[in-house]
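Here's the structure we're looking at; comments come further down.
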Amino acid sequence: MLKCALGPRYDCEMRLGWLVTVGLASAMAACSGGDGAPTCTGSGCACTGGECTCAAGTDCKTTCGDGPCRVDCSSAAMCEADTTDKLNLSCNDSSACKGTGGDDSILACNGSSTCDFKLGTSADVTCASTATCTLELDGGSVICLDNSSCTVTCNGDCRVSCSGTAAACALTCGSSGAAANMCSASIFACGPC
């Protein structure tokens, strides 16, 4: 039996009750994975730890809450991912991907996929092959390669590089849609070049 040598019996019981409550709350949080553990619903969707895959699913939705997560979308998946923290997402083949991510998010849109995302500051996006990217960033950089199409709205400092034979490469600055600075024939910026 646990004895409490500090103070009267009532104080001892209150302290023990508080410790039991904290212990149970901690155990429950560990069992549920916490607020930041990703979950997904829909066909073709699976999560292990902080990583989720969406393969050939027509309604794959990943919710990462307030924690970072990685999502891999392939085989013509309809893929939606949302987090307030860092999102690391790869959209491949002819998948259709959309969602939101916080600061420092990384997005790779490949093949003939489509990506429609709103991301925080310091985002790093690559749009390649014949992918179509529609993005709203609070800041960061976008590389538009090959025959991809990039339409970017930036609410902070952004840089968009267009190389190859990019079908479309457009950058507008702020909610007013102000024109971007042209740093060179293939580099545009909101903010300094």
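Taken together, the values in this text are just the output of simple stated rules run on the coordinates, not laboratory data. Please read all numbers here as calculations on a predicted model, not as lab measurements. Here the Cβ positions follow ideal geometry from the backbone for every residue, glycine too, while neighbour counts run over all protein chains shown.
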Open item on the list: Just to be sure I understand the curve: with the Debye formula and one point per C-alpha of segment 103-193, what is log10 I(q)/I(0) at q = 0.17, 0.19 Å⁻¹?
Closed with: -0.58, -0.73
Open item on the list: List the residues, sorted by chain then number, that are 5 or more residues from S122 or on another chain and whose placed amide H is less than 5 Å from its amide H.
Closed with: D104, G139, G140
Task: Inter-label distance, nm, simple model (7 Å from Cα along the C-beta direction), A170/D146 - done: 2.3
- [ ] Please list, in chain and number order, the residues 5+ apart from C169 or on another chain whose amide H is under 5 Å from its amide H, with Hs placed from the backbone.
- [x] C150
